[in-house]
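A.B. asks: Before we start, here is the structure in question, set down as structure tokens.
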Amino acid sequence: MLTQDVQQLVGKGEMLPLMEEFYTIQGEGYHTGTAAYFIRVGGCDVGCHWCDVKESWNADLHPPTHVDHIVGNASKFADTVVVTGGEPLTWDMSMLTLKLKEKNMRIHIETSGAYELSGSWDWITLSPKKTKLPTQSVYDAADELKCIIFNKHDFIFAEEQAQRVNPNAILFLQPEWSKRDEMTPLIVDYVMNNPKWRISLQTHKYLNIP
């Protein structure tokens, strides 16, 4: 049970439920192949059935950690940080991004967009989910739209999302990992017929890295 003081610090974003942090190669989307320090924050109520980090959903399982500690660790490894989850926008990201900026770090976020945007970001990856659609603030600010293709209907959803996101967002279709053999050929054909889209792959899984 968290003390009232800790609950208040979490509420203000001065502490966050940290699931894990690690230095690796970005595996997906526009920045594929680049080195980055990943900060995975616990807590998510979006509930994607194919989520590969369901252990992140319950924030109570992950210890509240002061952002100074998180930033200190990140600054030892890289100049680019990716904040992911869970759903990081469940929490106020303002303090974390402020502290990272003080270290002159580039800050990326991967989000479903289900909550209002907080924090100051250099790159916003929006990966919308049908179960809880993005807020307008994230549609408006997204640098890339990454739609996961699990079945054929997801192409329709992707086009709906492309209509809602700002016109400067780069559009990606990515096969859901367990369906990659089935969906990848369909995505290839779709992108060739609809070249506004690009293909994103989970290259970190092919390379067997985190």
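Every number in this text was worked out from the coordinates using simple rules, so none of it is lab data. Predicted, not measured: the structure shown is a model, and the values here were computed from it. Here Cβ is always computed from backbone atoms with ideal geometry, including for glycine, and neighbour counts include all displayed protein chains.
A.B. asks: With labels modelled as points extended 7 Å from the Cα through the Cβ direction, what inter-label distance (nm, one decimal) is found for Glu102 paired with Val6?
C.D. replies: 2.3
A.B. asks: I need the Kirkwood Rh of region 101-210: take the reciprocal of the average 1/r across all distinct C-alpha pairs and report it in angstrom.
C.D. replies: About 14.7 Å for region 101-210.
A.B. asks: HN-Hα J couplings of region 88-96 from phi, Karplus 6.51/-1.76/1.60, θ = phi - 60°, integer Hz, Gly and Pro as x?
C.D. replies: With the stated coefficients, region 88-96 comes to x, 6, 4, 10, 6, 8, 4, 5, 4 Hz.
A.B. asks: Moving on to the next point. Using alpha-carbon pairs under 8 Å, 6+ residues apart, how would you state the relative contact order of region 4-206 in percent?
C.D. replies: 17
A.B. asks: Sticking with this structure for a sec: Taking 0.36 nm per intervening residue step and subtracting the Cα-Cα distance, what contour gain separates Phe77 from Asp189 on full extension?
C.D. replies: Going from the current span to full extension adds 36.4 nm.
A.B. asks: To make sure I understand, if each residue's beta carbon is the centre and we count other beta carbons within 10 Å, what order do Tyr115, Tyr30 fall in, fewest to most?
C.D. replies: Listing Tyr115, Tyr30 from fewest to most nearby Cβ atoms yields Tyr30, Tyr115.
A.B. asks: Fewest to most neighbouring Cβ within 10 Å: what's the order for His49, His69?
C.D. replies: Final ranking by Cβ density, sparse to dense: His49, His69.
A.B. asks: If each DSSP helix of 4+ residues adds -39,500 (n - 2.57) and the sum is divided by the residues in the chain, what number results at 222 nm, nearest 500 deg cm²/dmol?
C.D. replies: -8000 deg cm²/dmol
A.B. asks: Taking amide hydrogens as modeled 1.01 Å from N in the peptide plane, which residues meet the under 5 Å criterion relative to Met19, leaving out close sequence neighbours?
C.D. replies: Excluding prolines and chain starts, which carry no amide H, the hits are Arg40, Val41, Gly42.
A.B. asks: Okay, next question. So what are the ³J(HN,Hα) numbers for region 104-120, from phi and the Karplus equation (6.51, -1.76, 1.60; θ = phi - 60°), rounded to whole Hz, Gly and Pro as x?
C.D. replies: So the Karplus estimates, Gly and Pro as x, are 6, 9, 7, 10, 10, 10, 10, 9, 7, x, 5, 10, 4, 5, 9, x, 10 Hz.
A.B. asks: Give the whole-number value, in cubic angstrom per residue, of the convex hull volume spanned by the C-alpha atoms of region 26-110.
C.D. replies: 98
A.B. asks: Would you please give the FRET efficiency between Lys152 and Arg198, computed as 1/(1 + (r/R0)^6) with r the Cβ-Cβ distance and R0 = 22 Å, to the nearest 0.05?
C.D. replies: Here the calculated transfer efficiency is 0.70.
A.B. asks: The list [x] 25.3, 97; [y] 16.9, 56; [z] 19.6, 68 gives values of Rg and Dmax of the Cα atoms in Å, and only one came from this structure; which label was calculated from it?
C.D. replies: Among [x] 25.3, 97; [y] 16.9, 56; [z] 19.6, 68, the one calculated here is [y].
A.B. asks: Further question: Pick out, in residue order, every one of the trypsin sites (Lys or Arg not before Pro) in region 22-76 that is DSSP loop and has at most 12 other C-beta atoms within 10 Å; say none if there are none.
C.D. replies: Here the sparse-neighbourhood loop sites are Lys76.
A.B. asks: Now, a different point. Suppose R0 equals 25 Å. What FRET efficiency, 1/(1 + (r/R0)^6) with r the Cβ-Cβ distance, do Tyr30 and Asp181 give to the nearest 0.05?
C.D. replies: My answer for the efficiency is 0.55.
A.B. asks: Taking amide H positions as placed in the peptide plane 1.01 Å from N, state which residues far from Leu171 in sequence (5 or more) or on other chains have amide H under 5 Å from it.
C.D. replies: Leu145, Arg198
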